[in-house]
Structure formats: structure tokens, C-alpha cells
1. I'd like the distance separating the alpha-carbon centroids of segment 202-281 and segment 58-130, in whole Å.
2. Between Leu36 and Ala185, what is the label-to-label distance in nm when each label sits 7 Å out along the Cα-to-Cβ direction?
3. In sequence order, what are the phi-derived ³J(HN,Hα) couplings for segment 218-235 according to the Karplus relation 6.51 cos²θ - 1.76 cosθ + 1.60 with θ = phi - 60°, rounded to whole Hz, with x for glycine and proline?
4. Please rank Leu244, Leu274, fewest neighbouring Cβ atoms within 10 Å first, as an exposure proxy.
5. Would you mind ranking Ile123, Ile105 so that the residue whose beta carbon has the fewest other beta carbons within 10 Å leads the list?
6. Give me the one-decimal nm value for the distance between modelled label points at Asn248 and Lys45, 7 Å along each residue's Cα-to-Cβ direction.
7. With a cut-off of 8 Å between alpha carbons and a minimum separation of six or more residues, what is the relative contact order of segment 179-279 in percent?
Amino acid sequence: MYVIVLSLVFVAVLLSAFVVIVFRKPRIRVFEDGVLIKDFLYPAKLFADTIGSVEIVDALPKVVVRTNGCSGLKMWKGFFRVKGDVNNKVVLYVDDHRNGPFVKITTNGTTIYINKKRKEQTISLYDEISTRVKIVKKDSLVRSNAVPATRSALVMTAFVLLILALSILPVMLYGSKSVCFELDADSLNIKGMYSVEIPFAEFDTVCLLDNMPEVGKRRNGFSSLDAAVGLYEVKGERCRLYILNKRNPPYIMIRTRDGLLYINNVDSDETVGLYNLLKQK
């Protein structure tokens, strides 16, 4: 159980760190030969001979859809489709999409909009780009790789797979091992995941089965090659399963006033021993 809790805590910490990294503001460096945008997901190198124009505008064009990007309350970053652009798509690095101004950089690959949190910072960036970078005429553009590179798809896929692995594997490996059966004077206590206490007074029948009926739909539970624990359907009837070893009969069927249970232990002798104790109650 501790392993599962620690794994979930680690997933939460990892998720928080990822969100911080994703929404970290890009660092922009201006050189004579172009503009370098350092960003974890959407890095860009805009060479001087790919830049057709640099201007400052008061507002963004209307964004139609985000195609590959991230957005917060104010920050927009990544690839978007807009109205009014020739290519109908732009790359945004904006700290506040609601308030201008914005630096608009047109290249032979795409259009890029940048702004900073404060207006004076955006104007200062525009002044630096327009004075330091030598802008060439559009008919003189020679490079064709002016579209910012993106590693977001690979990063997001790897991150999702990692989160799934860290979330699911501990449950699959340790979930069934956390289940144990305890009998006291008045009830059967099943501890661990999907714990339940069933008074013996509510028992109707207790049977020992050599074969487990076919298990149908899983409603709320987990299963592995060996185990099945949680809420399932068996022959169309909802029931609880605490099967710790699918391939090692026998199985105990318990029908109570409230429903049906199937249980067995990892070791068949332990299952038979548990059945004998239950029959004595």
C-alpha cells in the first residue's frame, strides 16, 4: 500500500514539475544574424535572411483553434490557426494575449507573435530586433527552415506514457498483494484495496468451486495475469471479486443478503483452509 501511495505522490510531483516547465516563459536572444527563442517545447531559430519584416501591432488576429500549443489564463504558446493570415497559422510566444502590443515577425515559413508581460518590455524587444537584425527584402529570402521546431508531440507522448506507467504498474504489481482475509468472531474482513466487512449473520451460502464462472464486465477494479480485484459482473450479476490467483483453484463463492463474492488465496491450501473456517461460522 505504501508503494502505491508513494507512486501517486511521485506522479503528482512530476505532473506539477511538468506544468511549471511547460508554462515557463521562453527566453529570447537577439543577435545580428537573427533571433533565438529558447523554449522547452517550441524552440526557434529565426535567421536574418529568413525574416521579411518586423513590426509592432496592437492586437493579435482572431485565434480560431490551437493546433499544437499550450494556453493558460493569459499565456499562449505554440502553434495556432488564426483569421486574416495568409497561411492561416501562426506561432505565439505571448505572456498576455489580451493586452498588446505584440511584436510581429514575418518569415518565409510562418508568422510569429511575441509579447512580454509589461508593455515597455515588448517595445524594448521590438526596438532591439529592428535595430540589431538586418532585415532583407522579401524577394531576397534564401532559407526555407524558418518554421520553429517543435518537440512537443514527442515530449507529451513520453510524459503521458510515463504517468500511465507510474500510475498503473504499482496498482497491478502490489494491488492484489495488499488484499488479505481476516476472520473475527462476527465477520469476515477483507482488507486492502476495495476493503469490506461482512457479518457472518448476512451469509446465505458458502460454496467451494473447482472452476471459476466466466467473468464479464469490469465495473470498478483492476486485473492482471494472476489477479482480479474489485467490482465485476459474473453471469450478468454484479459481484465483488477478490481472486488473488486466477490459475490456482479452488474458489470460494459467498452469497450474502447484499450480493455475491468470489474469493481465493494465492495458495490453494490456504483457500481450502479459509473455506473450512467460514463453514464453521
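1. Cα centroid of segment 202-281 versus Cα centroid of segment 58-130: 60 Å apart.
2. 7.8
3. My calculation for segment 218-235 gives 8, 9, 6, x, 9, 9, 9, 4, 9, 10, 8, 9, x, 9, 9, 10, 10, 6 Hz in order.
4. Taking fewest neighbouring Cβ atoms as first place, the list is Leu274, Leu244.
5. Ranked by crowding around the Cβ, least crowded first: Ile123, Ile105.
6. 5.9
7. 22
The numbers here are math on the coordinates, done by the rules we state, and not lab data. What you are looking at is a predicted structure, and each value in this text was computed from that prediction instead of being measured. All Cβ positions, even for glycine, are placed from backbone atoms using ideal geometry, and neighbour counts span all protein chains on display.
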